[in-house]
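The values are calculated or read from the model by the stated rules, or taken from the named source; none is laboratory data. Keep in mind it's a predicted model, so treat the numbers as computed, not measured. Methodologically, a virtual Cβ is constructed for each residue, glycine included, from the backbone with ideal geometry; neighbour enumeration extends over all protein chains shown. When the accessible area is computed, the model is the full protein with side chains, heavy atoms only, and any ligands, DNA or RNA have been set aside. Shrake-Rupley method; radii C 1.70, N 1.55, O 1.52, S 1.80 Å.
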Amino acid sequence: MSKFDMLKTPVRNRGILPENLLRYPGVRRSDHPINSVAALGAKAAYYTESHPLHASEGVGSPMHRLYQEGGFALLLGVGLDACSAIHTAEFLADVPYLADTTIKVLVGDKEGNNEFRRMERYPESSEYFPKLAPELVRSGALRVAERNDYSMSFLALTPAVDLVLEKLAYDSGYFCVP
């Protein structure tokens, strides 16, 4: 097994669009071994320069920065269960189940030694994110359209993450049960 390489490691479970985006000139990629993010445009370096190992969507991550900047997520052919940005709320709320992970990643040190390291905090599931959809639509944070059985969703991250933070403040296990 090889450690993560920004230029060679394929995109993990993200589909054909992110994989192809990496081939465009000027695309930047963050260095997270499991949840790397690709960005293109004037702020690409800003969004990809820092990606904390143990806070894949937490403070300092590309998703957290996108949340702070009032960014958006465009979901094509997938639902909220594929929206990594919602994990930002879990990190900000510091939900206890993030520490229940068994995920390990191969990382290298400055001397060139490789070792497997257990993630200190990692969101292993987004299975229950879709239950947010009706409330996000009512709030205006989520717009959904379908065409020929193909779904497209547009999510305003700041109001969406803020809504999830409210849910998690009331019930830290909101995403643990259906």
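Numerical summary
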| item | result |
| --- | --- |
| Which listed residue, of Tyr128, Tyr122, Tyr170, Tyr97, is of a type in the set (Phe, Trp, Tyr) and exposed (fewer than 13 other Cβ atoms within 10 Å of the Cβ) | Tyr170 |
| Residue in the stretch 60-81 that is nearest to the chain's Cα centre (by Cα), counting only those that are surrounded by fewer than 18 Cβ atoms within 10 Å (Cβ to Cβ) and part of a helix (DSSP H, G or I) | Asp81 |
| Residue match in the stretch 150-158 (condition: touching a Ser or Thr at 6+ places or on another chain (Cβ under 8 Å), surrounded by fewer than 15 Cβ atoms within 10 Å (Cβ to Cβ), outside any strand (DSSP E or B) and at negative phi) | no |
| Among the residues listed as Arg143, Arg138, the single one being modelled with pLDDT of 95 or more, part of a helix (DSSP H, G or I), open to solvent by 60 Å² or more (accessible area, probe 1.4 Å) and not β-branched (Val, Ile, Thr) | Arg138 |
| Qualifying residue in the stretch 26-46 (condition: open to solvent by less than 40 Å² (accessible area, probe 1.4 Å), aromatic (Phe, Trp, Tyr) and outside any loop (DSSP other than H, G, I, E, B)) | no |
| Evaluation of Ser56 against (1) under 21 Å from Leu165 (Cβ atoms); (2) open to solvent by 40 Å² or more (accessible area, probe 1.4 Å); (3) in a loop (DSSP other than H, G, I, E, B) (one fails), failing number | (2) |
| Candidate set: the stretch 45-59, residues that are polar (S, T, N, Q) and more than 11 Å from the chain's Cα centre (by Cα); chosen: the one farthest from Leu22 (Cα to Cα) | Ser50 |
| Every residue from the stretch 37-81 that is on the phi > 0 side of the Ramachandran plot and touching a residue at least 60 places away in the same chain (Cβ under 8 Å) | Gly70, Gly77 |
| Yes/no for Glu111 being within 25 Å of Phe72 (Cβ to Cβ), open to solvent by 90 Å² or more (accessible area, probe 1.4 Å) and modelled with pLDDT under 95 | no |
| Boolean, Ser50 is buried (at least 20 other Cβ atoms within 10 Å of the Cβ) and part of a loop (DSSP other than H, G, I, E, B) | no |
